[in-house]
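Below is one structure, written out as structure tokens, with a few remarks after it.
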Amino acid sequence: MSEKLFAYLRDNGSWGLRNNVLVLPLHSALASTARTIADTSDGAVAISHDWSGEIDSDLRRILFTLSGYASNPNNYAVVFLIIGNAEEKSIIDGAQALGLKNFTVLSLPEIGSLEKLQSDALVVANKYVAEAKSQKRIEAPWSAIVLGLECGGSDALSGITANPALGVASDRLVELGATSVLGETTEILGAEHLLAARAIDPEVGKRIVAMVSRYEASINYEGIDIRGAQPSRGNIEGGLSTLEEKSLGAAKKAGNAPLTGVLEFGEKPLTPGLYFMDTPGHDIEQLAGFGAGHINVVVFTSGRGTPTGSAIMPTIKVSTNTPMYSAIPDLIDLDAGTIADGLETLAQVGDRIFAEIIEVANGKLTKAERGGHHEFALSRMYKTVISEY
Amino acid sequence: MSSAIKGFAHGNRGNGIRNHQLILPSVICSTHVSRRIATEIDAVTFAHQHGCAIIGDDVAGIDNFFIQLADHPNVNSALVIGLGCETIQGQELAAKLLERNESTQYRIIQESGGVEGTVEAGVKAARELNTSFVPVSAEITTLRVGIDNGRQFPGISTLKGLLEAAGHTVIISDSPFSSAESFSRLAQEKAHIVISFPSETQPPSGFPLFPVINVASSSILHQAIRADFDIAESQIDAEITALIESVANGTHTIAEKNKSGEIRAPRVVRSV
């Protein structure tokens, strides 16, 4: 195992663990064109979304998400497909402000037809892919790693095997000077006091508690008791009894490191350390928030198993139990079920996860990357009311 | 009255003008597998971001939306692809669809050996559906024509009169901004075909289940991409009935050729 990191240095000093060429449609009507461009290119990636330029209460969140996603340091370059409105310009300006340097904007009305947009964009994307392939990784400091911690389809073993083992790896990385970000507000409800107690100062502690109450209030506003709606049906079938049980297990992904700060959805951490980001438990909206927040590698623990990945961030899947790992081998990179079976200790699995993060950071492809899983979802509030805190 | 249209008898779904096999992901996590199956057998599918981490009215809302899509007259058979731990459970959705239509099947990723296993099992199930439910041709005299009136087209009542004189039923959706929401509404209203008048600043778009005829306005955007529209406003009165007949009989619209169609599902509450 190499304990050295090799990554792509960006002009603004941030580090990419991948050198993606992202084809990003800024209108849903351009999504199928973007997909075709990526599918026929020499290795570009694309995402689809369902935003058609609607100007409503979710606009700010959507613009922020797309600006952040485009400027993620894992992207070597971005090909924006636009229809030519002010909101699209604001997304591109936002991405530049966040550090995006290499990009081309292709406007449908300037080009004249979808067919020509597709062929023009393919030429641009392939030119970027060729450039990206010629760029070399260089030795990088530990701070180059910005790790995202996620879980989905949790079961009764999540809090005993995969999550605490991931916590071991996360602690080690934070200790070395990397950044680690825990997401999914739903998943820490009832465990926020434990994270607050680890805050580097009382202000950060207050913020995480306020962030969780804000979330709970937004759901209660709808007349729904979130503690009744969670754990989900899949979680219950997996053996989880209460939301608190799920949360106490989920928070273990963040190990025992001090909590450096709290981030809004899609906000990027500015210094190394452990952070919490306010994202929904919805796996793909949550991954979009991580992408927008410039996270460059994700570890995703699962009890039930999930195929999902990201177009821009390598996503390492860790199973909480061996039967699931054996049943769906093409979805899961590592098995932590060995802890429950007494075959390995938490520390040993933590070491394996740590080693896998380094290998993946250095270029090893995850199973989701090999399978071409590029799921994406915009996070919206819809009619949910959310107050500032 | 125009001449009868040659369509397909789709059992309880009614008679359709397309013979679509629908690969329906019950959750975003199964959209990629669904697309791989659809590509392999030339079926229709769509990406969406729903089916899990939804609460309140959205649970029944999204469930019902998927049921309506699978029960559309242009659909011959539906194969539901689930993950296994989602809110809208694939096999439960399939059971509800089966109550209306025999030509329904489902496969679950967590129970079918993962991605490759499910793609293989899904392709096999979809082929079996195709063999078991061969569509019978049917003559359609009355089309359900949806109108997406995104830009408040002034000639709308004349158009409605023309279509009704040709024997069709007209369903109008006045969308405040984008066509995507109108299309979802019109799909639930079982429109066979849709005439779309996108707002002057919106591009033409489509929907996976029905052909969309996009009508260009004289706006700068629409004139710049005139080639992506099927017809101009000025041609409507003289040509729309013939165009509808041709499309209903199988001619692909431009949106169909481009395989455009990102669906927008009705949602009320944030994801949890």
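Can you confirm whether region B:168-179 contains a residue that is more than 14 Å from chain A (Cβ to nearest Cβ), assigned to a loop (DSSP other than H, G, I, E, B), farther than 20 Å from B:A9 by Cβ and open to solvent by less than 60 Å² (accessible area, probe 1.4 Å)? First the steps, then the outcome.
Restricting attention to region B:168-179, the residues satisfying the condition of being more than 14 Å from chain A (Cβ to nearest Cβ) are B:168-174.
Now drop any that are not assigned to a loop (DSSP other than H, G, I, E, B), which leaves B:168, B:174.
Imposing the further condition that a residue be farther than 20 Å from B:A9 by Cβ reduces the set to B:174.
Narrowing the set further to residues that are open to solvent by less than 60 Å² (accessible area, probe 1.4 Å) leaves none.
No, because not a single residue in region B:168-179 is more than 14 Å from chain A (Cβ to nearest Cβ), assigned to a loop (DSSP other than H, G, I, E, B), farther than 20 Å from B:A9 by Cβ and open to solvent by less than 60 Å² (accessible area, probe 1.4 Å).
Does at least one position in region A:370-382 carry a residue that is within 11 Å of another protein chain (Cβ to nearest Cβ) and more than 21 Å from the chain's Cα centre (by Cα)? Before you say what the answer is, go through the steps one by one.
Taking region A:370-382 as the starting set, the residues that turn out to be within 11 Å of another protein chain (Cβ to nearest Cβ) are A:370-382.
Now narrow it down to the ones that are more than 21 Å from the chain's Cα centre (by Cα): A:382.
The answer is yes, given that some residue of region A:370-382 is within 11 Å of another protein chain (Cβ to nearest Cβ) and more than 21 Å from the chain's Cα centre (by Cα).
Every residue, every condition in (1) among the aliphatic types (A, V, I, L, M); (2) assigned to a loop (DSSP other than H, G, I, E, B); (3) surrounded by 18 or more Cβ atoms within 10 Å (Cβ to Cβ), yes or no:
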| site | (1), (2), (3) |
| --- | --- |
| A:V212 | yes, no, yes |
| A:Y215 | no, no, yes |
| A:G223 | no, yes, no |
| A:K252 | no, no, yes |
| A:G261 | no, no, yes |
| A:P280 | no, yes, yes |
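Yes/no per residue for (1) in the same structural domain as A:G363 (by TED's automatic domain parsing); (2) in a loop (DSSP other than H, G, I, E, B); (3) out of contact with any helix residue (DSSP H, G or I) (no Cβ under 6 Å at 6 or more places or on another chain):
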{"residue": "A:R304", "(1), (2), (3)": "yes, yes, no"}
{"residue": "A:G309", "(1), (2), (3)": "yes, yes, no"}
{"residue": "A:P323", "(1), (2), (3)": "yes, no, yes"}
{"residue": "A:P329", "(1), (2), (3)": "yes, yes, yes"}
{"residue": "A:G350", "(1), (2), (3)": "yes, no, no"}
The residue that is surrounded by the most Cβ atoms within 10 Å (Cβ to Cβ), considering only those in region B:46-77 that are among the charged types (D, E, K, R) and closer than 30 Å to B:I140 by Cβ, is B:D71
Select, from A:G94, A:G43, the only residue that is under 23 Å from the mean Cα position of the chain (by Cα) and in contact (Cβ under 8 Å) with a residue 60 or more places away in the chain. A:G43
Is it the case that region A:60-74 has a residue that's farther than 21 Å from A:R35 by Cβ, free of Cβ contacts under 8 Å to residues at least 12 places away in the same chain and more than 14 Å from chain B (Cβ to nearest Cβ)? yes
Could you tell me which residue of region A:27-48 is most open to solvent (accessible area, probe 1.4 Å), considering only residues that are among the β-branched types (V, I, T) and closer than 20 Å to B:A255 by Cα? A:T40
Considering only region A:344-389, how many residues are within 22 Å of A:V146 (Cα to Cα) and β-branched (V, I, T)? 6
Could you list, ordered by first residue, the pairs with Cβ atoms under 9 Å in which the first is in region B:110-137 and within 8 Å of chain A (Cβ to nearest Cβ) and in contact (Cβ under 8 Å) with a residue 40 or more places away in the chain and the second is open to solvent by 30 Å² or more (accessible area, probe 1.4 Å) and in a helix (DSSP H, G or I), at least 6 apart or interchain? B:V115/A:K367; B:V115/B:H32; B:V115/B:R36
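The values are calculated or read from the model by the stated rules, or taken from the named source; none is laboratory data. From a predicted model like this one, the values you see are computed outputs, not experimental measurements. Using ideal geometry, Cβ is built from the backbone for each residue, glycine included, and neighbour counts are taken over all protein chains shown. Note: accessible area is taken over every heavy atom of the protein model, side chains too, but ligands, DNA and RNA are not part of it. Shrake-Rupley method; radii C 1.70, N 1.55, O 1.52, S 1.80 Å.
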